[in-house]
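Structure, as structure tokens:
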Amino acid sequence: MELPKFKYSPNAYKIDIFKSVEGICSVCDEKRNLKYESSFYSIDDPEYICPWCIGDGSASKKYDGEFNDYCGVEGISPDPSEEKNNTISKEDLLEVTTKTPSYNSWQQEVWLTHCNEPCAFIGYADSKMIEPYIDEIIDDIEESGYDLELIKNHLSKDSHLVGYLFQCVQCNQHRLHIDCD
């Protein structure tokens, strides 16, 4: 059976959020061999979620949960009365919150947007990985509050100062979120 693809997380199977673990999915009750092991915001804590139940939205529906907190999606107001001010469509918001696996981070995940749509999460980024995109992500670095030279020299994929690289699905512009422990 072909693995589901995620528009906003095209590298989901390469970023260490799915583990090769045999088990029964808590959602579809099917025997599976890929277990999701990252954020899921729900009252219940399902034992096992497979990628198929993320991709079709059934995990979010069954547990009334989100893989990415809507308040962490850039351009979304946490105040429902200000919904008209949101910069992305409700359909795209639901796609990234209920049908897209999250990524591992130190703090609350942030999902960047561009061209009025969520960006695709490309992966964890270190200083070397961002070099070709520095002109595209300079605004994100400046807005982060971290010094440019610090980012150029000490950004890592798995240490104290981690980069999260995104790319616009419309125009291919890169974006960078930075998190520190």
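If I ask for residues that are touching a residue at least 12 places away in the same chain (Cβ under 8 Å) and part of a strand (DSSP E or B), which ones from segment 11-33 would you list?
Selection gives Phe18, Lys19, Ser20, Val21, Gly23, Ile24, Arg32, Asn33.
Quick one: which of Tyr36, Tyr41, Tyr8 is closer than 26 Å to Glu91 by Cβ, touching an Asp or Glu at 6+ places or on another chain (Cβ under 6 Å) and in contact (Cβ under 8 Å) with a residue 12 or more places away in the chain? It would help to see each step written out before you state the result.
Working: Tyr36 fails: touching an Asp or Glu at 6+ places or on another chain (Cβ under 6 Å); Tyr8 fails: touching an Asp or Glu at 6+ places or on another chain (Cβ under 6 Å).
Answer to the check: Tyr41.
Can you tell me which residues in segment 97-134 are within 13 Å of the chain's Cα centre (by Cα), without any contact (Cβ under 8 Å) to a residue 40 or more places away in the chain and surrounded by fewer than 22 Cβ atoms within 10 Å (Cβ to Cβ)?
Gln108
May I ask you to list the residues in segment 142-156 that are under 12 Å from Ser127 (Cα atoms) and crowded, with 16+ Cβ neighbours inside 10 Å?
Here is the first cut: in segment 142-156, the ones under 12 Å from Ser127 (Cα atoms) are 148-156.
Hits for segment 142-156 are Ile151, Leu155.
Taking Leu3 and the conditions (1) touching a residue at least 40 places away in the same chain (Cβ under 8 Å); (2) within 21 Å of Val110 (Cα to Cα), which numbered condition does it fall short on, given that it satisfies the others?
(2)
Residues to consider are Asp45, Asp56; find the one that is out of contact with any strand residue (DSSP E or B) (no Cβ under 6 Å at 6 or more places or on another chain) and at pLDDT below 95. Let's see the steps before the verdict.
Working: Asp56 fails: at pLDDT below 95.
Within the list Asp45, Asp56, the selection yields Asp45.
Counting only residues that are within 22 Å of Val96 (Cβ to Cβ) and among the small types (Gly, Ala, Ser), how many does segment 10-25 have? Write out each step before concluding.
Of all residues in segment 10-25, those within 22 Å of Val96 (Cβ to Cβ) come to 10-18, 25.
This time we only want the ones that are among the small types (Gly, Ala, Ser), so: 12.
Qualifying residue count, segment 10-25: 1.
If you take the residues in segment 49-78 that are among the polar types (S, T, N, Q) and in contact with an Asp or Glu (Cβ under 9 Å, 6 or more places away or on another chain), which one is surrounded by the most Cβ atoms within 10 Å (Cβ to Cβ)?
Here is the first cut: in segment 49-78, the residues among the polar types (S, T, N, Q) are 58, 60, 68, 77.
Among the residues that remain, those that are also in contact with an Asp or Glu (Cβ under 9 Å, 6 or more places away or on another chain) are: 60, 68, 77.
Numbers: Ser60: 23, Asn68: 29, Ser77: 14.
Checked segment 49-78; the qualifying residue surrounded by the most Cβ atoms within 10 Å (Cβ to Cβ) is Asn68.
The values are calculated or read from the model by the stated rules, or taken from the named source; none is laboratory data. The structure presented is a predicted model; accordingly, all values stated were derived computationally and were not measured. Note that we place each Cβ from the backbone using ideal geometry, even for glycine, and neighbour counts take in every protein chain shown.
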